[in-house]
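Below: the structure, in structure tokens.
The values are calculated or read from the model by the stated rules, or taken from the named source; none is laboratory data. Only a predicted model underlies this, so the values are computations on that prediction, with no experimental measurement involved. Glycine also receives a Cβ, built like all others from the backbone with ideal geometry; neighbour counts cover every protein chain displayed. Protein only, heavy atoms only, side chains kept; ligands, DNA and RNA dropped before computing areas. Shrake-Rupley method; radii C 1.70, N 1.55, O 1.52, S 1.80 Å.
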Amino acid sequence: MKTTDNILIIDLEATCWEDRPPRGQESEIIEIGVCIMDAKTGKISKNEGILVKPQYSKVSPFCTELTSITKQMLDDDGILLEDALDILRAEYDSEDLTWASYGNYDLNMLQNQARRFKVDYPLSDDHINVKTLFGELHPTIRKSVGMARALGELNLTLEGTHHRGVDDAKNIAKILHWCLQQY
């Protein structure tokens, strides 16, 4: 596994509904949770949640309950996806760093949204699927498990609000650091 000295951890939150999206709406990124993790020490730096204004959907009550992200938060502090991706490039060196997410959802969603909005994909080709890696390395868990369960298996505390990208990025970093120590 190729890694850079620092690894960019990304966790996305997107518009969601209890059932199918309402007619004319689709799932869109509403938060890019990000942090930088030192691959050797596990130390986390530059942690933030970049709020993104959805263009083709609205934040449902279900989505707000799950993520704690409200329409008002996005109206007040949200930026366009293109601007959020520019922040990743400029402030996080996203095109040069190995990056990681918990599962492939974030990878696929970023690729799809970049295509959908006709913007340049902001990340390197070096991606670590922490969910798969954890399943391969943990001595008793030999399948994919959710992030919260993986933390529990490692006797680590889930910090912050689950399903907030800003917090989940840090939690994913803890799991990834454990994985890297197994190598």
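Given the options Ala169, Ala90, Ala173, name the one that is under 16 Å from Ile7 (Cα atoms), surrounded by fewer than 16 Cβ atoms within 10 Å (Cβ to Cβ) and out of contact with any Phe, Trp or Tyr (no Cβ under 6 Å at 6 or more places or on another chain).
Details: Ala169 fails: surrounded by fewer than 16 Cβ atoms within 10 Å (Cβ to Cβ); Ala173 fails: surrounded by fewer than 16 Cβ atoms within 10 Å (Cβ to Cβ).
Criteria check complete, one pass: Ala90.
So which residues in the stretch 11-40 are open to solvent by 30 Å² or more (accessible area, probe 1.4 Å) and of a type in the set (S, T, N, Q)? Outline the logic, then answer.
Pass one, the stretch 11-40, residues open to solvent by 30 Å² or more (accessible area, probe 1.4 Å): 17-27, 38, 40.
Listed by number, the residues that qualify are Gln25, Ser27.
Could you check, for the stretch 65-75, whether at least one of its residues is open to solvent by 60 Å² or more (accessible area, probe 1.4 Å) and under 16 Å from the mean Cα position of the chain (by Cα)? Before you say what the answer is, go through the steps one by one.
Step one: filter the stretch 65-75 for residues open to solvent by 60 Å² or more (accessible area, probe 1.4 Å), giving 65-66, 71-72, 75.
Of the ones still in play, those that are also under 16 Å from the mean Cα position of the chain (by Cα) are 66.
Yes; the residues of the stretch 65-75 include at least one that is open to solvent by 60 Å² or more (accessible area, probe 1.4 Å) and under 16 Å from the mean Cα position of the chain (by Cα).
Can you confirm whether Lys43 is open to solvent by 50 Å² or more (accessible area, probe 1.4 Å) and touching a Gly at 6+ places or on another chain (Cβ under 7 Å)? If you could, list the steps in order and put the result at the bottom.
Numbers: open to solvent by 50 Å² or more (accessible area, probe 1.4 Å): yes; touching a Gly at 6+ places or on another chain (Cβ under 7 Å): no.
Here the answer is no, as Lys43 does not meet what is asked.
So, of the residues in the stretch 23-37 that are over 18 Å from Ser101 (Cβ atoms) and touching a residue at least 24 places away in the same chain (Cβ under 8 Å), which turns out to be nearest to the chain's Cα centre (by Cα)? Write out each step before concluding.
Start the filter on the stretch 23-37 by keeping residues that are over 18 Å from Ser101 (Cβ atoms), which leaves 23-26.
From the residues that got through so far, the ones that are touching a residue at least 24 places away in the same chain (Cβ under 8 Å) too are 24-26.
Numbers: Gly24: 25, Gln25: 22, Glu26: 19 Å.
In this case the residue turns out to be Glu26.
Could you tell me which numbered condition Gln55 fails, if it satisfies all but one of (1) open to solvent by less than 50 Å² (accessible area, probe 1.4 Å); (2) touching a residue at least 40 places away in the same chain (Cβ under 8 Å); (3) over 30 Å from Lys2 (Cα atoms); (4) not aromatic (Phe, Trp, Tyr)?
Of the numbered conditions (1) open to solvent by less than 50 Å² (accessible area, probe 1.4 Å); (2) touching a residue at least 40 places away in the same chain (Cβ under 8 Å); (3) over 30 Å from Lys2 (Cα atoms); (4) not aromatic (Phe, Trp, Tyr), the odd one out for Gln55 is (1).
Quickly run through the stretch 106-122 and pick out the residues that are open to solvent by less than 10 Å² (accessible area, probe 1.4 Å) and assigned to a loop (DSSP other than H, G, I, E, B).
Answer for the stretch 106-122, where residues must be open to solvent by less than 10 Å² (accessible area, probe 1.4 Å) and assigned to a loop (DSSP other than H, G, I, E, B): just Pro122.
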